[in-house]
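Scroll down for the structure; my scribbles are underneath it.
Each reported figure results from applying straightforward, stated rules to the coordinates on display, with no laboratory input. Keep in mind it's a predicted model, so treat the numbers as computed, not measured. Note that we place each Cβ from the backbone using ideal geometry, even for glycine, and neighbour counts take in every protein chain shown.
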């Protein structure tokens, strides 16, 4: 098993740790592995995940082709897409949560173009969609993709037929109609020298895991400094607060700002094996 770092940009020779940021990253042997921001993969427009609070389409954060070891739900599921709503303080739109849960629309809801579109999203829900909720109630979605879906033409968000009275950015949450980040190519390269490659993150050295910044060892300090702020698959995780429970060696750590995601300056841990999800700032 290997660990991998992610870089962002349009040339392997000029990659950054986050899209549009000046901090560079050197990824020997880097290859294109997807994109972040903008459009979603070819899952069908009606299947684009929506916020259960507002019904607005979530922003597409990143679509990433996975190395074979990280295809934990089947070798035919070669990539993942992550979506984000940041809707923990958004104003509820009545009926949206029930419709997305599969409740049949009333005649009045069916006659409302926006609510009808929400109901259509529930009917077209992708079979590999995993709904994720953070500790403060924000909604996210992870979709596992086949090779055909990953290679298919990218799709735009559903048509903007927003209801009246959505409010300002704060009260409506992030959404694909207002907040999508520019598309940026994602590159992947092997991370070398990580003492935790193939080891499940754990506290107190359990299982041989070496926590970041856990000693005054100069080599460990130098290594931690070199990987700080880098999105990656496997290896040492660097949560901004407590280490989430239930992580496996197959964790995807995603940094704030990638694809427009808002983690308050922190990062998230998305486990591709156990399904654990958490983030902190």
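Sorted ascending by nearby beta carbons within 10 Å, beginning with the fewest, 58, 135, 238 become 135, 238, 58. Largest first, the three principal axis extents of the alpha carbons in region 38-180 are 45, 30, 25 Å in whole numbers. Multiplying the residue separation of residue 228 and residue 16 by 0.36 nm and removing their Cα-Cα distance gives an extension gain of 75.0 nm. Per-residue Cβ neighbour counts within 10 Å put 88, 60, 140 in the sequence 88, 140, 60, beginning with the fewest. Can you tell me the relative contact order of the chain? Whole percent, Cα pairs under 8 Å, sequence separation 6 or more. Rounded, it is 26 percent for the chain. So what is the orientation-averaged projected area of region 33-113, using the convex hull of its C-alpha atoms, in nm²? Quarter of the Cα hull surface area: 6.9 nm².
For region 109-191, the share of alpha carbon pairs falling in successive 5 Å distance bins from zero is 3, 9, 13, 21, 23, 17, 8, 3, 1, 1, 0 percent.
Counted over region 140-267 with a bin width of 5 Å, the fraction of Cα pairs per bin, in whole percents, is 2, 8, 14, 18, 16, 13, 11, 9, 6, 3, 1, 0. Ranked for footprinting exposure by Cβ neighbours inside 10 Å, fewest first, 31, 39 give 31, 39. Reported value for the chain: 124 Å³ per residue, from the convex hull of its C-alpha atoms. Over the residues of the chain, the helix contribution to mean residue ellipticity at 222 nm works out to -3500 deg cm²/dmol, using -39500 (n - 2.57) for each DSSP H run of at least 4. When you count the other C-beta atoms within 10 angstrom of each residue and take the mean per peptide, 102-109, 252-259, 62-69 line up highest first as 252-259, 62-69, 102-109. Sorting 177-183, 211-217, 5-11 by average packing, meaning the other beta carbons within 10 Å per residue, from highest down gives 5-11, 177-183, 211-217. Put a dot 7 Å past the Cα of residue 125, heading toward its Cβ, do the same for residue 68, and the two dots end up 3.4 nm apart.
Can you tell me the orientation of helix 218-227 relative to the chain, as the angle in degrees between its alpha-carbon axis and the longest Cα principal axis, to the nearest 10? Orientation of helix 218-227: about 30 degrees from the principal axis. Relative to the longest principal axis of the Cα atoms of the chain, the long axis of helix 113-123 makes an angle of roughly 50 degrees.
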